[in-house]
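Here's the structure we're looking at; comments come further down.
The values are calculated or read from the model by the stated rules, or taken from the named source; none is laboratory data. Everything numeric here is computed off the predicted structure, so don't read it as measured data. Cβ atoms come from the backbone with ideal geometry, glycine included; neighbour counts cover every protein chain shown. All accessible areas refer to the heavy atoms of the entire protein, side chains included, with ligands and DNA or RNA removed. Shrake-Rupley method; radii C 1.70, N 1.55, O 1.52, S 1.80 Å.
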Amino acid sequence: MKKRMILASLVAFLLVGTPVVEAETTQINETPYVDISGHWAEQEINQLYITDVIGQNEYFRPDDNVTLGELLTMFVNAKGIEPVGNKQTSFADVPANSWLSPYAETAYRLGIVHGQKQGNHLYLHPDAPVKRAELASILVRTMGASGAVNNLKWSTTIQTLNQYPDGNNVKENEQRPLVYAMQSGLMSAYGDGTLKPNKYMTRAEAATYAALHLVSDKPRTTKALSNGTPFRQELTVQTTAYSYTNDKILSYLEYPLREGVVAVDPNVIPLGTHLYIDGYGYAVAADIGGAVKQRHVDLYLPTMNEAENHGLQKGVKVYVLD
């Protein structure tokens, strides 16, 4: 079915609990979904459809709980990132040949999701429903704002949460992302003054956050990688590599170390920024190092042998995606 663009002017939006958008449409868009007519999120769902974030299905199921696998797929697509094509998986519960695997691997390398370690295996739990505070964390990571979240003072975070009757229900690792989301206008309290951090999010709510905060309202840049992923800036750097045998060591942004996590000079590449590095792939600037200065990027590799073999490489192209 032919997709026709909506010419819309977003007059205002007020994120009170559930995202709300007021808009005027001057052209009707054809979509295949038979279950969104008159829904409060109809316009945002349509926007994701016409920008190829979501595919052609008869039903969108807007009021169903969104699963983690659905959410990360929607968010990766909304950013315009082409998922990795190699058949591999880092998660014990995501088969390498599944439709989800390329999205899960891409989200993992970019630091959008971390998974949960159980014994010697890492699990994604892709079918689990997503709670509101968890969505806030994934949203700000997808936006490349983890560095800004890390700069948020804990005292400010606690003081903010104490203003809400259920603020103490927010898990510690989700506290700063949720407060950052509220301070940045990405989310706010519900009409009754609560945060409802453990409320399950619907597919309509996930679509609205993606449409408002991840899909660019500007024309697609002409700068793009060979796979079509748009980038904002191109840098030429030198790279080295590092590795640790202790899997309990975390990066500066408290990301579990794995391939994709790289150390940068935050004065050149802000922490939390998503990257594509020639010869390495998708990455996230989540670490720092005393010797990592100016245009120097230190890549995490799985083994010390691989890190040593990498050595010092000059003239490496780094593409800043955010």
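Rounded to the nearest 500, what is the chain's calculated 222 nm mean residue ellipticity when only DSSP H runs of at least 4 contribute -39500 (n - 2.57) each, over all residues? Rounded to the nearest 500, the figure is -7500 deg cm²/dmol. Extension gain for residue 65-residue 162 works out to 32.1 nm (0.36 nm per residue, less the C-alpha to C-alpha distance). For the stretch 41-213, the gyration tensor built on C-alpha atoms gives an oblate shape. Its axis ratio a/c (a ≥ b ≥ c) is at least 1.5, and a/b is not larger than b/c.
Between residue 198 and residue 235, full extension at 0.36 nm per residue minus the direct alpha carbon distance yields a gain of 9.2 nm. When each of the peptides 183-193, 224-234, 67-77 is scored by how many other beta carbons lie within 10 Å of its residues on average, the order from highest to lowest is 67-77, 183-193, 224-234.
In this simple spin-label model, placing a label point 7 Å from the Cα along the Cα-to-Cβ direction at both residue 226 and residue 123 gives a separation of 3.9 nm.
Ordering 307-314, 235-242 by mean Cβ neighbour count within 10 Å, with the highest value first, yields 235-242, 307-314.
Which of the residue pairs 153/293; 79/223; 79/248 have a Cα-Cα distance greater than 20 Å in the structure shown? Distance filter (> 20 Å) returns 153/293; 79/248.
Counting only protein heavy atoms and a 1.4 Å probe, the chain has 48 square angstrom of accessible area per residue. Summarising the label geometry, the points placed 7 Å from Cα in the beta-carbon direction at residue 317 and residue 248 lie 4.3 nm from one another. Each Lys and Arg contributes +1 and each Asp and Glu -1, all at the Cβ; summed about the Cα centre of the chain, the dipole is approximately 640 debye. A value for P(r) over Cα pairs in 10 Å bins from 0, in percent was derived from the coordinates, and within the list (1) 6, 25, 34, 25, 10, 1; (2) 5, 17, 22, 27, 19, 8, 2, 0, 0; (3) 6, 23, 27, 20, 14, 8, 2, 0 it appears as (1).
On the accessible surface of the stretch 133-243, probed at 1.4 Å, how many percent belong to carbon and sulfur atoms?
46 percent
The overall shape of the stretch 233-320, judged from the alpha-carbon gyration tensor, is oblate: a/c is not under 1.5, and a/b is no greater than b/c.
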